[in-house]
Amino acid sequence: MIALHLALLEIPLHQAVPYVAAAYIAFFALILIYLAIMSGKLSRIERELGELTELAARRPGSSEEHDAP
Amino acid sequence: MYGKRLRPLALTTFAALTLTLVLAFFWAPNDANQGFLQKIFYLHVPLAIVTLCGFVYAGLAAIAHLRTRDSRWDMRSYVAIHLSLVFGVAVLVSGSIWAKGSWGVWWDWSEPTLVSFLLVMLLYATYQPLRFAIEDPERQARYASVFAITAGAFVPINFVIVRLSTAYLHPRVLGDISANLPGRFQVVFYLSLVSMALLWITLWRYEMTSKHASAQLRALKRLLAGDEDEALPRRSAVPTLSVGAGGAGSSGVGAAR
């Protein structure tokens, strides 16, 4: 079957377009999924940063404590 | 640290990818035998090359980790393998689609190029479970580095062995580029290779920035909580990145999750 396909000359455009489109769409979809996961992680970092800011604000006289010997 | 110059890099990558797509579809002629289907070539082959180079880079970073014991090299190796696996999945998918269009089958088990690439992917698929199986972060990093070096050495050896194979259907692209490919095909192919390499580097830096920021946050959390033992990283396959006050130091802080 493979030999038969190889024996054929140029693959017609209307046959090739769905394969080419599928390959490129699959690639960009994969990259988009990766970026979506990474942006989720970025959101978590942002949330944790907010928690830390609150924690730092709640600490009474933290700057004086650090200055003390 | 890794986020520095990430924006211009991302913009360059975007521009290069756009230019590659435009040239591939509107400037490069159709292949005499493959016709329009050959356009997958500009995606599949550079992706495969960048994937394999990524695995080799991970091995080199692992060597640097074992030599220096600097956890940043372990993280670089980890992120390189992670990203190359993602690219590798794209290689397998795009390759299967091309095979279906060109050969009439999604996969051919008698084809050494396909099977060898799958073997490489399966080998690297064990990397994360291996890391997760080891609880002690120091031992985990050491074993993972040994794995990355061994597997990284297997990649070029595997490539050479497959090239020596005489019974194959898969096109021998690297040999064809300098010998047989017409000028326009070559230009677009090399541009595509550069674009994919840029994409890999951009995403690698993006993930490294995220991991580094995560580690710094944990360090800050522990500092503010005033408890050095608090918030120790839970068991994870992600390397434990050392982050000090200046960005890199000795205190072990997990970049887990």
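Summary table
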item: Residues of type lysines that B:K100 reaches as a straight line, Cα spacing below 30 Å, ignoring anything fewer than 8 places off in the same chain; result: B:K39
item: Region B:6-209: relative contact order in percent, alpha carbon pairs under 8 Å with at least 6 residues between; result: 37
item: 10 Å Cβ neighbours from other chains, averaged over peptide A:26-35; result: 5
item: Solvent-accessible area per residue for region B:1-98 (1.4 angstrom probe, square angstrom); result: 41
item: Accessible area of A:R59 in the full protein assembly, 1.4 Å probe (Å², nearest 10); result: 70
item: Accessible area in the full protein assembly, largest first, 1.4 Å probe, for B:S110, B:S84; result: B:S110, B:S84
item: Lysines whose Cα lies under 17 Å from that of B:K211, excluding same-chain neighbours fewer than 8 positions away; result: A:K41, B:K4, B:K221
item: Buried accessible area, chains B and A (both chains, 1.4 Å probe, Å² to nearest 100); result: 3800
item: Highest-first arrangement of B:90-100, B:187-197, A:23-33, where packing means the average Cβ count within 10 Å; result: B:90-100, B:187-197, A:23-33
item: Most positive-pole-ward Cα, B:P129, B:S84, B:V115, against dipole of region B:70-148 from beta carbon charges; result: B:S84
item: Per-residue average of Cβ from other chains inside 10 Å of B:92-104; result: 5
item: Whole-number accessible area per residue in Å² for region A:16-56, which is evaluated in the context of all protein chains at 1.4 Å; result: 55
item: Extended-chain gain in nm, criterion 0.36 nm per residue less alpha-carbon gap, B:A32 and B:L223; result: 62.2 nm
item: Amide H within-cut-off set for B:D31, under 5 Å, with H built and near neighbours excluded; result: B:Q38
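The values are calculated or read from the model by the stated rules, or taken from the named source; none is laboratory data. What you see is a predicted model; the values in this text were computed from it and never measured. Glycine also receives a Cβ, built like all others from the backbone with ideal geometry; neighbour counts cover every protein chain displayed. With ligands, DNA and RNA removed, areas are computed over all heavy atoms of the protein, side chains included. Shrake-Rupley method; radii C 1.70, N 1.55, O 1.52, S 1.80 Å.
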